[in-house]
Amino acid sequence: MFNSIKLKLIIWSLVLFALVFTGLELTLYYKLEGVAIGFVDSHISSEVGMLASLAATEEKHGQLEPELYEITGAASGEYADMLSGRYFQILTHDGEIVTNSPSLYLADAMLPIVIPGAEGVYDIVDGPTGRPIRLFSKAFEFEAGTYIFQAGDTLDDTNLLLSSFRKMILMAYPLVFFVCGLGVFIVTRLALGPLRLFSEKVGEITEEKLDERVDASLMCTEVRPLAESFNVMLGSLENSFDKQKQFLSDASHELRTPTTIIKSYCDITLSRNRTEEEYRAAITKMGSAVNRLSEIINRILVISRLDSKTVQLKLREVDVFGVVQDVVNLLTGAAETKGIDIILSGTEVSVCGDKEGLTEVFTNLVENGVKYNKSGGRVDVSVAKEGENAVVVIRDTGIGITTEDQAKVFDRFYRVDTSREQTVGSGLGLAIVSSIIAAHGGRLELESTEGVGSTFKVYLPEIGSVA
Ligand SMILES: Nc1ncnc2c1ncn2[C@@H]1O[C@H](COP(=O)(O)OP(=O)(O)OP(=O)(O)O)[C@@H](O)[C@H]1O
Ligand SMILES: [Mg+2]
């Protein structure tokens, strides 16, 4: 569950959201606090300034202190109401109270005494009611000496505003958190929808439905390459499944002919008593069918081992000319009985290869040259060096292969119809040849003209050019 992309996205976005939201709310809170206190400050500082300038004007009409009493007595509005939350107080430079606002003296209260400089100081102190007030104290020079003017405003309204803001944030927090979580959930669900669709489609594809494909055009841009790669993979899987099925059905088909021959000889021979010669003839026929059977089975075994790469090529320095010479010597006798000459030419070339595998390659190719030849024909085998390759050319003067069949003769079990009628074979020879050559990092080329002959060219990397 914790491996789910959706869950991870939701958790990470909520964590991010919580950090951003908290940061934003804290900034807003402190800004608001600053602005609210700023309002109070500007009020109390202008009150102090006004009182001081009034005092300066009044000083010219008489003695300062009696004038200050007069100013105080004339205080109006909230300054005149007892403990209203708005206060002022005037002190001598020693901190002795000269006078204060009716809001204070009516309750026999006073503001905390602060001795400031000429630039003034702001404080938050406990007011006469015990609740916090903002206090501004500033010293002014008069002809009669230095006096300190103080003005204080209650912070009740400011604190109320701030606490309402705090409450609002605390209430909004879980709500916004929930809405944000829900939003991320919906968005991720929508965003991951194509992936879910893709996985559903993939889930529908089973072994029996390998021909189905995921419609990549329905996928979003991000998932489309994945769907396309999946389709390509499915295509090669289907191809290889089909090949396996085809191989199995072709193999069974090929094995059926000799098995049917053996079975019918058994049935016919055992249907009545036979002479010794008849038994001998039947067993000989059955023997050749068994030979054919074991030949096919061996070839199937070789090709399936090559496919599954269970046969390790024993790579070592091999003299190609020597291998080809051995093959030619082995096949010359059989070729001569068919009136076909095998002519070998060329030079010594060494490759890094598997001697047995290469023997199999050249045996198959020279054998084909003899098998699909005409009486009196010839097979020319030449070994040469061409660039970085050893090149073995097997050219025959045989029946040739049509252009259409040239593309198919390397397929497993494929035999040209005319060959099927006139010769015995499994159709696996060239498939084995091309697999072995590919495993050596080489290549095989075919040129053929029907009725004129065929040329197979084997290119094998020379020693030193094989990794
Ligand atoms: N040199 C050739 N000339 C004409 N046709 C050829 C030649 N070599 C191969 N073919 C055609 O290609 C088919 C496949 O050849 P391949 O060697 O794979 O099988 P095969 O010779 O029929 O049987 P196997 O080699 O397994 O005994 C042959 O049946 C034949 O029709
Ligand atoms: Mg063959």
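The values are calculated or read from the model by the stated rules, or taken from the named source; none is laboratory data. Because the structure is a prediction, the values reported are computed rather than measured. Heads up, the Cβs are rebuilt from the backbone with ideal geometry, glycines too, and the neighbour counts pull from every protein chain shown.
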Within region 363-414, the residues that are of a type in the set (Ser, Thr, Tyr) and near ligand 1 (Cβ under 9 Å from one of its atoms) are Tyr372, Tyr414
Result of the Cβ filter at 6 Å on region 156-171, keeping first residues that are outside any helix (DSSP H, G or I) and partners that are small (Gly, Ala, Ser), at least 6 apart or interchain, is none
Restrict the check to region 420-432 and report whether at least one residue is under 46 Å from the mean Cα position of the chain (by Cα), more than 8 Å from ligand 1 (Cβ to nearest atom), in contact (Cβ under 8 Å) with a residue 40 or more places away in the chain and not assigned by TED's automatic domain parsing to the domain that holds Val302.
no
Arg292 passes all but one of the listed conditions (1) part of a helix (DSSP H, G or I); (2) over 55 Å from the mean Cα position of the chain (by Cα); (3) not hydrophobic (A, V, I, L, M, F, W, C); the exception is number (2)
Next on the checklist: Considering only region 309-320, I want to know if a residue exists there that is in the same structural domain as Leu430 (by TED's automatic domain parsing), in a helix (DSSP H, G or I) and β-branched (Val, Ile, Thr).
Outcome noted: yes
Residue pairs qualifying under the 6 Å Cβ cut-off, at least six apart or on distinct chains, with the first in region 259-278 being outside any loop (DSSP other than H, G, I, E, B) and the second being of a type outside the set (Val, Ile, Thr), are Ile261/Ala289; Ile262/Met286; Ile262/Ala289; Tyr265/Ala282; Tyr265/Lys285; Tyr265/Met286; Thr269/Ala282
Any residue at all in region 200-215 that is of a type in the set (Lys, Arg) and within 21 Å of the chain's Cα centre (by Cα)? yes
**Selection status of Thr359, among the polar types (S, T, N, Q), in a helix (DSSP H, G or I) and surrounded by 15 or more Cβ atoms within 10 Å (Cβ to Cβ)** = yes
Over region 291-304, the set of residues away from ligand 2 (no atom under 16 Å from the Cβ) and either touching a helix residue (DSSP H, G or I) at 6+ places or on another chain (Cβ under 7 Å) or in the same structural domain as Leu358 (by TED's automatic domain parsing) (or both) is Leu293
